[in-house]
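Encoded as structure tokens, the structure appears first; notes follow it.
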Amino acid sequence: MDCIFCKIVAGEIPCSKVYEDEKILAFKDINPQAPVHVIFIPKQHILTCADDINDSNKEILGDIFEAISKVAKELGLSDGYRIINNCGKHGAQSVKHIHFHLLGGAQLPEDMGVRE
Ligand code: AMP
């Protein structure tokens, strides 16, 4: 499968790894939008986007959020952070392997509105 995140998992594309366990990989976003910008993915390409979540695959989401919480503490994000999942065309999702952005390290804008 021609998936950039699968290639990162396979070690075919380098990444700046932040966290790894049996099921999850987290790495620094190549185009950071905040002082801390980490991408969390399931290693297996089991979901393209949030739209694919169902009873048989939803467990990984709890695992990912647990990993995010762990990493946020390790990175000292005690004043808070934002978790983003872009889904599909209107969500401006560019990589079709489900992932969650962890953004923090500075005050983030309140506005998450529609582009004019
Ligand atoms: P999204 O727009 O939600 O699909 O987010 C995809 C994210 O992956 C973007 O923020 C990209 O900057 C990031 N990205 C793409 N390629 C790489 C890469 N090779 N290493 C790290 N992050 C990447």
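When the chain is treated as a GNM with alpha-carbon contacts under 10 Å, the residue of Lys89, Lys23, Lys58 showing the greatest mean-square fluctuation is Lys89. Taking 4.7 Å between beta carbons as the limit, the unpaired Cys residues of the chain are Cys15.
In deg cm²/dmol and to the nearest 500, what is the mean residue ellipticity at 222 nm of the chain if only DSSP H runs of at least 4 residues count, each as -39500 (n - 2.57), divided by the residue total?
Numbers: 2 runs with 22 residues, N = 116.
For the chain, the value works out to -5500 deg cm²/dmol.
Shown in residue order for region 65-74 are the 3J(HN,Hα) couplings computed by the Karplus curve 6.51 cos²θ - 1.76 cosθ + 1.60 at θ = phi - 60°: 5, 5, 5, 4, 4, 4, 5, 4, 5, 4 Hz (x for Gly and Pro). Quick one: with all protein chains in place, what share of the accessible area of the chain is carbon or sulfur, to the nearest percent (1.4 Å probe)? C and S atoms contribute 50 percent here.
Here Asn57 and Arg115 are evaluated by their C-beta separation; at R0 = 35 Å the FRET efficiency comes out at 0.70.
For region 1-64, pairs of C-alpha atoms spaced more than 15 angstrom apart make up 53 percent of the total. The relative contact order of region 4-104, computed from alpha carbon pairs under 8 Å that lie at least 6 residues apart in sequence, is 32 percent. Note on region 4-104: with charges restricted to the Cβ of Lys and Arg (+1) and Asp and Glu (-1), its dipole about the Cα centre is near 300 debye. Between Ile98, Ile46, Ile24, the GNM of the chain built on Cα springs shorter than 10 angstrom shows Ile46 fluctuating the most. Rg/Rh for the chain (Cα atoms only, Rh after Kirkwood) is 0.95. Accessible-area rank, largest first, for Lys28, Lys73: Lys73, Lys28, with all protein chains present and a 1.4 angstrom probe. Taking every protein chain into account, the 1.4 Å probe leaves Val9 with about 50 Å² of accessible area, to the nearest ten.
The heavy atoms of Phe65 offer some 90 square angstrom of accessible surface to a 1.4 angstrom probe.
Ile83 sits with roughly 60 Å² accessible to a 1.4 Å probe, with DNA, RNA and ligands left out of the calculation.
The values are calculated or read from the model by the stated rules, or taken from the named source; none is laboratory data. None of the values given here were measured: they were computed from a predicted structure. Methodologically, a virtual Cβ is constructed for each residue, glycine included, from the backbone with ideal geometry; neighbour enumeration extends over all protein chains shown. When the accessible area is computed, the model is the full protein with side chains, heavy atoms only, and any ligands, DNA or RNA have been set aside. Shrake-Rupley method; radii C 1.70, N 1.55, O 1.52, S 1.80 Å.
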